[in-house]
Amino acid sequence: MGRAHEGTRGRPPKAVAGWGRDETEEERADRRWNELLQEVRVAQTGGQVLLAFLLGAAFAPRFEELTTPEVHLYVLTVMLGAASTGALIGPVTLHRFVTGRRLKPETVDLASILTVIGLFLLLCTVTCAMLLITLLVLQSGTAYWLVLGLFVWFVLCWFALPLYALWRQRHSRRPDGDADRGGDGDGNGDEAGGAGRDPLARPADPGS
C-alpha cells in the first residue's frame, strides 16, 4: 500500500469512478477544447460563406434597385456578419495569446462564451439576409411573416432545444434523496439511501 501511494505521489488526482470520465482537470479541458474546435469549424464555415455572399452582393446589377431602407438593412446585415465572424474566430486568437500559460480551463470557458455570442450574431445575420432577399423578391408584407417563421425555427433548433435539455436534466434529479431513503446528512446512508443520491454528485475521494 505504501508503494502504491508513493507511485502516485506528485501526480494530479484522477476523477473517482462514478463521476463520468477518468480524467484530470487538464485532460478534461483538452477534451472540451477539441470538441469546441469542431463546433466552431462548423459555425465558421456557414458564417464566412454568408459574409462572402453579402460582400459580393453590393456589386450585383440589381443592387441599385434597393430602396433606402433596404440599403440600410443590407449594411446592418453586413455588420452583423462581420461581427459574427470576429466572435467565432475569437477562440483561435485567445488560445494563441494564452497558450503555454496553464490557462486551458479558463480559455475553454471564455472561448465557449465567444462561440455562443458568435452563434447569436450569426442568427441575426441569417435573419436579416433572408428579410432583405424576400423583400426584394416578393415586394410585399408576406416577407416579414416568412422570415419570422424562419427566425422562430432557428431559435428552436439552436437555443430552445439545448435549454430544454438542461431544464430536463435539472428537474429530473431527486432533491434530498438521502433523507427520503434513510441516509444521514453527510450522504453516508445505507445501500438504499445511496440509490437515491444525485447521480452527478462527486463521491468522496477514498484516498483522502
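Values for this structure:
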quantity: Stretch gain in nm, segment THR68-ASN34, where the contour uses 0.36 nm per residue and the Cα spacing is subtracted; calculated: 7.8 nm
quantity: Under 5 Å, built H, 5+ apart or other chain: amide partners of GLU23; calculated: ALA15
quantity: VAL155 paired with GLU25, simple spin-label distance in nm, labels 7 Å along Cα-to-beta-carbon; calculated: 3.8 nm
quantity: Using alpha carbons only: equivalent-ellipsoid semi-axes of the range 91-150, gyration tensor based, whole Å; calculated: 40, 10, 4
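Readers should treat all values here as calculations from the given coordinates under stated rules, not as data from a laboratory. All of these numbers come straight from a predicted model, not from anything done at the bench. We place every Cβ from the backbone using ideal geometry, glycine too, and count neighbours over all the protein chains shown.
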